[in-house]
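Novice: Structure below; questions to follow.
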Amino acid sequence: MLEFGLNEIEKADPQPGEDAALRAEAKRLQATDDLRAGARAAMVALAGDDDSYGDEPNAMGLVATARRALEGIAGDDDAVTPLAGRVAEAGYLLADAAGELASYLAGLDADPARLEWIAERLSTLQGLTRRYGDSVDEVLEWGAGAATRASELRGSDDRIDALAGRLAELDTQLDAEASRLRALRTAAASELKGLVEAELAALALPRASCAFEVTPAERGASGADHVQLLFSANPGSAPAPLSKVASGGELSRVRLALEVVLAAAEEAEGRTFVFDEVDAGVGGAVALEIGRRLARLARTAQVIVVTHLAQVAAFADRQYVVAKADDGQVTTSGVREVTGDERVAELARMMAGLDGTDAARAHAEELLVAARPPRRSTTR
């Protein structure tokens, strides 16, 4: 189909803008009589008619009369001189227009043979525009694209061979990049293991161990590796996938340890971390360590924590309480910040369910003091 169209266009040999130019010429040839009559009337009005014996006035003659009259009085008043010059200039313009009209009339010859040829040529061009575009220019544009596509199709076997060779090159490069990435991951896994285990020890899992197993996998957008976190809470247990061997509390602590280590490595400043029930299944001293780790992370990032443990909430810079309200018909929920004595009462309630006893409040105040970061000494 492409070759048929290209042969048809080549045979007709259309030129850019040819259809529009031919239509304009045909319109002019068809209106030759009207054009000659109009141009003739304008010529007579400008310069007169040789057959009129000079009796009828014309523009050039009237302007010439006006010029002579002004030149005759210019010596009596200097103001007339520029007027005479302008009238003379008008006369020159009229003479130029009359000369161009004469040339135009001389070239206005009816040419039936030319008009017939134009009609045939336009019919040929319309055959192309019906199939390949709305104008000759669009036909030529289609032809250029078709020639490129036809050339590609004629050499499709060679192109397939070239693409197959390029694909093989890219496969080799990808394999090399995947191997390099695996080496980097293996090296990073060893370093990350030590950092995470140090955090786990601080979170009351001193004998826990973890490992990052990097094994080959089908190549994809993130490489050709499968990375799995292995965990063991006790020395006598072989490391196994975290999701299968960790309890709820252990899982929470491993997650927090990973977040703290990764946040430090990734320069967490300006980032936001949200922990929802990260302290699930823990309490006591472990909860305090979780609170300290979250507070340390909050030094360089925004940390939002949802917790039910007072030991964790005490480390927050700001503490908010979510509470329900019921007017007997509609139940609503709201959030508000607690500060000062109200925060002490809320922490007491979180610890023992009691917010009015002196012992509970004393314990809450003690917890806030313990959670407050130490002041840095300043030397002057």
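Novice: When only alpha-carbon atoms count, how far does region 252-332 stretch along each of its three principal axes, as whole angstroms with the largest first?
Specialist: Dimensions of region 252-332 along the principal axes of its Cα atoms: 52, 30, 19 Å.
Novice: Still on this structure: Just round it to a whole percent: the fraction of Cα-Cα distances in the chain exceeding 35 Å.
Specialist: Result for the distance tail: 67 percent.
Novice: Let me ask something additional. State to the nearest 20 debye the size of the charge dipole of the chain about its Cα centre, where the only charges are +1 on K and R beta carbons and -1 on D and E beta carbons.
Specialist: Here the size comes out at about 3340 debye.
Novice: State the extension gain, in nm to one decimal, for the chain segment bounded by GLU152 and ALA79, taking 0.36 nm per residue of separation less the distance between their alpha-carbons. Write down the numbers at each step before the final one.
Specialist: Numbers: separation 73, 0.36 × 73 = 26.28 nm, distance 7.89 nm.
Here the answer is 18.4 nm.
Novice: So how do VAL369, VAL254 line up by other beta-carbon neighbours within 10 Å, fewest first?
Specialist: Least to most surrounded, the residues fall as VAL369, VAL254.
Novice: List the chymotrypsin sites (Phe, Trp or Tyr not before Pro) within region 1-100 that DSSP assigns to loop and that have no more than 12 neighbouring Cβ atoms inside 10 Å.
Specialist: In loop regions of region 1-100 (DSSP not H, G, I, E or B), the sparsely surrounded chymotrypsin sites (Phe, Trp or Tyr not before Pro) are TYR53.
Novice: Turning to a different aspect of this structure: Give me the angle, in degrees from 0 to 90, between the Cα long axis of helix 18-30 and the longest principal axis of the Cα atoms of the chain, rounded to the nearest 10.
Specialist: 30
Novice: Could you give me D for region 2-154, from Stokes-Einstein at 4 °C and 1.567 mPa s, where the hydrodynamic radius is the Kirkwood radius over C-alpha pairs? Units µm² s⁻¹, please.
Specialist: The calculation lands on 64 µm²/s.
Novice: Expressed in nm², what is the orientationally averaged projection area of the convex hull enclosing the Cα positions of region 8-88?
Specialist: Dividing the Cα hull surface by four gives the mean projection, 9.9 nm².
Novice: Where does helix 80-107 land angle-wise versus the long Cα axis of the chain, in degrees 0 to 90, nearest 10?
Specialist: Taking Cα atoms only, the helix is inclined about 90 degrees.
Novice: Give the separation of the Cα centroids, region 139-179 to region 31-92, in Å.
Specialist: 74
Novice: Mind checking the angle between helix 340-352 and the chain's longest principal axis? C-alpha axes, 0 to 90 degrees, to the nearest 10.
Specialist: The two axes meet at around 60 degrees.
Novice: Based on the Kirkwood radius over alpha-carbon pairs, what value in µm²/s does the Stokes-Einstein equation return for the translational diffusion coefficient of region 81-183 at 20 °C and 1.002 mPa s?
Specialist: Translational D for this selection: 99 µm²/s.
Novice: I need to check one value: relative contact order of the chain, counting alpha carbon pairs closer than 8 Å and at least 6 residues apart, in percent. Don't jump to the answer; show the numbers that get you there.
Specialist: Values: 381 pairs, mean separation 34.1, N = 380.
Relative contact order of the chain: 9 percent.
Novice: Here's something else I'd like to know. Any idea what the relative contact order of region 2-154 is, in percent, if you count C-alpha pairs under 8 Å spaced at least 6 apart?
Specialist: Numbers: 106 pairs, mean separation 57.7, N = 153.
It comes to 38 percent, rounded to a whole number.
Novice: Okay, next question. What does the helix-only formula give at 222 nm for the chain: each DSSP H stretch with n ≥ 4 adding -39500 (n - 2.57), the total divided by the residues, and the result rounded to the nearest 500 deg cm²/dmol?
Specialist: Details: 14 runs with 237 residues, N = 380.
Mean residue ellipticity, 222 nm, calculated: -21000 deg cm²/dmol.
Novice: Can you classify region 202-276 as rounded, prolate or oblate using the Cα gyration tensor, where a ≥ b ≥ c are the square roots of its eigenvalues, rounded means a/c under 1.5, and otherwise it's prolate if a/b beats b/c and oblate if not? Kindly include the intermediate steps, with their values, before the conclusion.
Specialist: Values: a/c = 2.12, a/b = 1.03, b/c = 2.07.
It comes out oblate by the Cα gyration axes.
Read-outs: derived from the displayed coordinates by stated rules, not from any lab. Predicted model only: the values in this text are computed from it and were never measured. All Cβ positions, even for glycine, are placed from backbone atoms using ideal geometry, and neighbour counts span all protein chains on display.
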